[in-house]
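**Student:** Mind having a look at this structure? Questions to follow.
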Amino acid sequence: MAILEAKDLTKRFGQTPALEKASFALEPGRIVGLLGPNGSGKTTLIKLANELLVPTEGEILVDGMKPGVETKKIVSYLPDCMYFDDHMKVGDCLELFTDFYEDFDAGKAQEMLAQLGIKKELLFKTLSKGTKEKAQLCFVMSRHAKLYLLDEPIGGVDPAARDYILATILKNYNEDATVVISTHLIADIEKILDEVVFLSWGRVVRHQSTDELREQTGKSVDEVFREVYKC
Amino acid sequence: MLSKLVKYEFKATSRTILWVFLAFAVIAAVSAIFFGNLVTQAEAGGTATDTGGTAKGLAAVLLFFAYFASMAVMMIVVVVVVISRFARTMLGRQAYLTHTLPASREQLLLAKLITGSIWSIASTGLVLLSLFLFSLREGGWGDMVKGLREMAAEGSPIGQSITLLALLIVVSATAGTLMFYAAISWGPNLLKNRVGGSILAFIILYIATQIASFIALLGAFSGTAMDALAAPGADSAMDAAAQEELLADPSQSFAISFSVSDFDSMNYLLGMQTILWVCFGVVFWLLARYMLRRKLNLA
């Protein structure tokens, strides 16, 4: 069974379409790049899978279920913004994740935070933007989820931080799980992707494995991306 | 799951609210002791101004002002904290975490409702407690209790009135909190500006409740209750005999000014208001739930 499946998924904001009859299915155990320029519908798709938006038409299924309480137990989501209360301590967030997510590995999170020099007593508001992002990633990747939905995890960070983030994702994800990474920074993540979904103006324009794509086109994913989205 | 959600709601909101409660409690206690001493001194050796001079008079004015100011601040802070917490965690940046917790929208809404209502009821309770503290030294509380006992002995449904009043406070605090939640949830669907939309939604809901209350109470009092109020002997105005009795024993004032039929009318009114607020609460709950389930738009 597909871990994430979209069937004629459409989302419009007023008259503006963000997703238009998008259909695809992702199998378990894959690292998938959700690729497209800004405004192509990547974030909308991820939000729909997390029940943060309601589809206008069509449906999206997570492990065969419509987004809801049961799917949230198996999806680990990294949004493109900071979602922790600035007045919370890092230790409070550890307690919160332990309380709410059965698959959360507190020991693993503590280890990752310690490697970054982030102490439990620190308030989130005292951390720098980059450190907050890394801390949030540590929490998200410390869950033994079936599906990781990572929205722009490497957007707006320096190359060194990018390397750290990608290494953290690769080192910590559950290998039976599927990792969906949305980005337009293809060159940085191309080497870790098993398959790609190209979105353009809310439509799925290409969905195949990276090996197939390279064989078919004789080009790298980054080169194909530049060709598809040429201005 | 609900208990965990409530725990985190209290943890987050108590950071500010408990300090404001503490400040009000201290100011109320100091004021009550100060005014109590003034009364005691005045009773012992003349008027309050004789015993302490201008300084005590000035302190009394300042404390009086501080008491009411802190009461207003406490009420406002509770509302602001409850509203802003809901807006931030249900529709703002923190909503990305809230809505991805393995909890249903109903559980999320209920957890916030329980917390918001408890803070609202607690602030009302604290105000009543402070008034009780003030009345302790002046003998007002004792007079009132004595009057109430006498009325109860005469067959007045005073116990029912107190129960209904308490119930109305709880119900209106809960429904009032839900009104804010419904407005905030609905707001983004009315206007692009989330704050503006929420204010507009609140105004619409407020006007709707006022119209509904007016119609409902008009309908309710057009029948038997109105007849009862208009019946001979039901008039609450004091007659000459009652005025004489009051002059002879001022502690009787509470008992004399309310007759049995007055209590019946008041209880009827309290009951009607409670039922109305329950209905409003149900509508606000359904509206907030619908908006969060079907129209959530964290764009």
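The values are calculated or read from the model by the stated rules, or taken from the named source; none is laboratory data. Here the structure is a predicted model, which means the values were calculated and not measured. Please note: Cβ atoms are built from the backbone with ideal geometry, for glycine as well, and neighbour counts cover all protein chains shown. Ligands, DNA and RNA are excluded from the accessible area calculation, which covers all protein heavy atoms including side chains. Shrake-Rupley method; radii C 1.70, N 1.55, O 1.52, S 1.80 Å.
**Student:** Threshold 20 Å², probe 1.4 Å: give the residues of region A:98-115, in number order, that are less accessible with all protein chains present than with their chain alone.
**Tutor:** Buried by the other chains: A:Asp99, A:Phe100, A:Tyr101.
**Student:** Now for a different question. I need the GluC sites (Glu not before Pro) found in region A:127-206, filtered to DSSP loop residues with at most 14 other beta carbons within 10 Å of theirs. Could you put the intermediate results ahead of the total?
**Tutor:** Values: sites: A:Glu133, A:Glu175, A:Glu190, A:Glu195; in loops: A:Glu175.
Listed in order of number, the matching sites are A:Glu175.
**Student:** Further question on the same structure: For a Förster distance of 22 Å, can you work out the FRET efficiency between the beta-carbons of B:Phe214 and B:Ile275, rounded to the nearest 0.05?
**Tutor:** Efficiency for this residue pair is about 0.90.
**Student:** Just the accessible area per residue of the protein assembly as shown, please: how many Å² with a 1.4 Å probe?
**Tutor:** Value for the protein assembly as shown: 48 Å² per residue.
**Student:** Of B:Cys279, A:Cys81, which has the most accessible area and how do the rest follow, probe 1.4 Å?
**Tutor:** B:Cys279, A:Cys81
**Student:** Next question, about the same structure. Ignoring everything except DSSP H segments at least 4 long, calculate the 222 nm mean residue ellipticity for the protein assembly as shown; use -39,500 (n - 2.57) per segment, divide by total residues, nearest 500.
**Tutor:** Estimated from H runs of four or more residues: -21000 deg cm²/dmol.
**Student:** Can you flag which of A:Lys132/B:Lys192; A:Lys42/B:Lys192; A:Lys73/B:Lys4; A:Lys146/B:Lys112; A:Lys73/A:Lys146; A:Lys11/A:Lys132 are past 19 Å Cα-Cα?
**Tutor:** Exceeds cut-off: A:Lys132/B:Lys192; A:Lys42/B:Lys192; A:Lys146/B:Lys112; A:Lys11/A:Lys132.
**Student:** May I ask for the longest run of chain A untouched by trypsin sites (Lys or Arg not before Pro) that are loop-located per DSSP and have at most 12 neighbouring C-beta atoms (other than their own) within 10 Å? Let's see the in-between values first.
**Tutor:** Values: sites that count: A:Lys119, A:Lys230.
Between exposed loop sites, the widest span is A:1-118.
**Student:** Sticking with the crude label model, points 7 Å out along Cα→Cβ, report the distance from A:Glu223 to B:Lys192 in nm, one decimal please.
**Tutor:** Taking the simple label geometry, A:Glu223 and B:Lys192 are separated by 4.3 nm.
**Student:** Now a separate question. If you build a Gaussian network model of chain A, linking Cα atoms that sit under 10 Å apart, which residue out of A:Ala161, A:Ala22, A:Ala114 swings the most?
**Tutor:** Top of the fluctuation ranking is A:Ala114.
**Student:** Please identify, among A:Pro67, A:Pro159, A:Pro55, the residue showing maximal mean-square fluctuation in a Gaussian network model of chain A using a 10 angstrom Cα cutoff.
**Tutor:** A:Pro159
**Student:** Mind checking which of B:Pro157, B:Leu126, B:Val145 is farthest towards the positive end of region B:66-159's charge dipole, using Cβ charges of +1 (Lys, Arg) and -1 (Asp, Glu) about the Cα centre?
**Tutor:** Result: B:Leu126.
**Student:** For region B:1-138, calculate the relative contact order in percent as a whole number, restricting contacts to Cα pairs under 8 Å that are 6 or more residues apart.
**Tutor:** Numbers: 93 pairs, mean separation 58.6, N = 138.
Rounded, it is 42 percent for region B:1-138.
**Student:** Using a 1.4 angstrom probe on heavy atoms only, work out the carbon and sulfur share of the accessible area of chain A in %.
**Tutor:** About 49 percent, which is the carbon plus sulfur part of the accessible surface.
**Student:** Among the aspartates and glutamates, which have Cα under 12 Å from the Cα of A:Lys72 when same-chain residues fewer than 8 positions away are ignored?
**Tutor:** A:Glu51, A:Asp63, A:Glu102, A:Asp103
**Student:** Looking at chain A as a GNM with Cα springs under 10 Å, which of A:Gly39, A:Gly107, A:Gly58 has the largest mean-square fluctuation?
**Tutor:** Its mean-square fluctuation being the largest, the pick is A:Gly107.
**Student:** Oh, and also: How much of the DSSP beta bridge set in the protein assembly as shown is antiparallel, as a percent to the nearest 5? Walk me through the numbers on the way to the answer.
**Tutor:** Details: 22 of 40 bridges.
Given both bridge residues lie in the protein assembly as shown, the antiparallel proportion sits at roughly 55 percent.
**Student:** Which order do A:Glu5, B:Glu9 take when ranked by solvent-accessible area (1.4 Å probe, heavy atoms of all protein chains), largest first?
**Tutor:** Largest accessible area first, the residues go A:Glu5, B:Glu9.
**Student:** Something else about it: Using 0.36 nm times the number of residues separating A:Leu116 and A:Met1, minus their current alpha carbon distance, what extension gain do you get?
**Tutor:** 37.7 nm
**Student:** Give me the accessible area buried between chains A and B, both sides summed, with a 1.4 Å probe, in Å² rounded to the nearest 100.
**Tutor:** Summing both chains' loss of accessible area gives about 2500 Å².
**Student:** Compute the normalised compactness of region B:144-197: alpha-carbon radius of gyration over 2.2 N^0.38 Å, N being the residue count.
**Tutor:** Working it through for region B:144-197, the quotient is 2.03.
**Student:** Could you give the distance between the Cα centres of region A:149-199 and region A:1-72, to the whole Å?
**Tutor:** Centre-to-centre (Cα) distance: 18 Å.
**Student:** Can you tell me the 0 to 90 degree angle between the C-alpha axis of helix A:159-172 and the longest principal axis of chain A, rounded to 10?
**Tutor:** 90 degrees
**Student:** If the label point is 7 Å along Cα→Cβ of B:Lys295, which residues in region A:14-28 have backbone nitrogen under 15 Å from it?
**Tutor:** Label zone hits: A:14.
**Student:** Could you list which residues have their amide H under 5 Å from that of A:Tyr77, counting only those 5 or more apart in sequence or on another chain, with H placed in the peptide plane?
**Tutor:** Amide H neighbours of A:Tyr77: A:Leu149.
**Student:** Additional query: Accessible surface of A:His87 in the full protein assembly, 1.4 angstrom probe, to the nearest 10 Å²?
**Tutor:** In the full protein context, A:His87 sits at about 100 Å².
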